[in-house]
Amino acid sequence: MDGEQIPLLARICSIAQTVEVFLAQSGKDGAISVVRERRKKWFGPDVSDVVLGWTDRDGWWEDVRAATDTEALTGLEPPDH
């Protein structure tokens, strides 16, 4: 199956899951390294290049890493749930 035949949302979810796992395991540099290695293999250039465009946005990576904290996520849940 050609990568363009895979729905964009599915491609975004796939790379997001991988980035989240490697960010937690190996930090920002590890996550970026995996995206670079898997570009054109696992991930299309379109979604890979978006993620790689965030390389210098340290604050963004820190926010994503902090958001994986269960307490932080629970604090974002609406009070009526």
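The values are calculated or read from the model by the stated rules, or taken from the named source; none is laboratory data. Computed from a predicted structure; not experimentally measured. Note: ideal-geometry Cβ built from the backbone for every residue, glycine included; neighbour counts use all protein chains shown. Calculation scope for accessible area: heavy atoms of the full protein, side chains included, ligands and nucleic acids excluded. Shrake-Rupley method; radii C 1.70, N 1.55, O 1.52, S 1.80 Å.
Give me the percent of accessible area attributable to carbon and sulfur for the range 16-71, probe 1.4 angstrom.
The nonpolar share, carbon plus sulfur, comes to 48 percent.
List the extent of the Cα atoms of the range 1-45 along each of their three principal axes, largest first, rounded to whole Å.
31, 17, 12
Short version: ³J(HN,Hα) in whole Hz for each residue of the range 9-16, in order, from phi by Karplus 6.51 cos²θ - 1.76 cosθ + 1.60 (θ = phi - 60°), x for Gly and Pro, what are they?
Ordered by residue, 3J(HN,Hα) equals 4, 5, 5, 5, 4, 5, 6, 5 Hz.
Residues in the range 26-51, backbone N under 20 Å from the label point at residue 5 (7 Å along the Cα-to-beta-carbon vector): list them, ranges by number please.
40-47, by backbone N distance to the label point.
Obtain the nm distance between the two label points defined at residue 21 and residue 66 by a simple spin-label model: each point lies 7 Å from its Cα along the Cα-to-C-beta direction.
2.7 nm
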